[in-house]
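These notes are about the structure you will find just below.
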Amino acid sequence: MALPILYSYRRCPYAMRARMAIWAANIQVEVREISLREKPVHLLQISPKGTVPVLQLPDGTVLEQSLDIMQWALAQNDPQGWLNADPEAMSQLIALNDGDFKKALDRYKYPDHYPEHTQAFYREQGELFLHRLETALVQHRYLLGEKPSMADVAIFPFIRQFAAVDAAWFATSIYPQLRAWLAGWLEGPLFAEIMQKMPVFSMTASEG
């Protein structure tokens, strides 16, 4: 029986959260690790935008958005109850992450590309979201309650990136609960599993 095909890139935060949901759901997929410089022909055939993650199901259906892939996986099997949180609250928090916070993150990581403001300014913009998360984590163990939800998994890879821009600053920042939450995901077995290195996949048009 053919497996779903997941095109992925190990360090991409969108691909990370998709893999985490698929692994947590115990769904077998064929993972195809891509090179950003030389993307497989088949990937571009099924998803011309050429970004990852992309999931092709055995029936030919193609899911091109990480959140759609997460929802699909957890709809099949959700042993940890990641979909049990308030769906509206999850959607709102993820939208903030993927919107204003991601914009600030990109500028904080690459301030030379955005000379309109300083790196410190962009960090302050990102901190608006960090403050919100810290406040939530003071109240409960995870972002939306005492158990993890899809929101935690969807947001975690981006907080990981933000923390890594200036690790020394983050280590002494005013977000102790957020640091503990991040460490919990970084040190967990699921993250270790989805971050295992894989050889780069390549396929010619004739093999598609």
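Here are some notes:
- For the stretch 37-44, the Karplus equation 6.51 cos²θ - 1.76 cosθ + 1.60, evaluated at θ = phi - 60°, returns couplings of 7, 9, 6, x, 4, 4, 4, 5 Hz by residue, with Gly and Pro reported as x.
- Listed peptides 166-172, 3-9, 36-42 appear in the order 3-9, 36-42, 166-172 once ranked by packing, highest mean of other Cβ atoms within 10 Å at the front.
- Per-residue Karplus couplings for the stretch 5-22, computed as 6.51 cos²θ - 1.76 cosθ + 1.60 with θ equal to phi - 60°, are listed in order as 9, 10, 7, 9, 9, 3, 8, 6, x, 5, 5, 4, 5, 5, 4, 4, 5, 5 Hz, Gly and Pro entered as x.
- Peptides 69-77, 136-144 ranked from most to least packed, by the mean per-residue count of other Cβ atoms within 10 Å: 69-77, 136-144.
- In this rough spin-label picture, where each label sits 7 Å from Cα along the Cβ direction, the ASN84-LEU44 distance is 4.6 nm.
- Placed amide H near VAL200: partners under 5 Å, 5+ positions off or other chain: none
- Compared with the dominant principal axis of the Cα atoms in the chain, helix 66-76 is inclined by about 70°.
- Considering only the stretch 1-99, percent of DSSP beta bridges that pair antiparallel, nearest 5: 55 percent
- Spatially proximal lysines relative to LYS39 (Cα-Cα < 29 Å; intrachain offsets below 8 disregarded): LYS49, LYS102, LYS103, LYS109, LYS197
- Antiparallel beta bridges, as assigned by DSSP with both residues in the chain, represent about 55 percent of the total such bridges.
- Listed candidates (i) 11.7; (ii) 13.4; (iii) 12.5 - label of the one calculated as mean projected area of the Cα convex hull in nm²: (iii)
- Efficiency of FRET between ARG160 and ALA75 - r from beta-carbon atoms, R0 25 angstrom, step 0.05: 0.45
- FRET efficiency, LYS109 to TRP23 (Cβ-Cβ, R0 25 Å, nearest 0.05): 0.45
Where a number appears in this text, it was derived from the coordinates with a stated rule and is not lab data. These numbers were taken from a predicted model, which means no experiment stands behind them. When we count neighbours, we look across all protein chains shown, and the Cβ atoms used for this are built from the backbone with ideal geometry, even at glycine.
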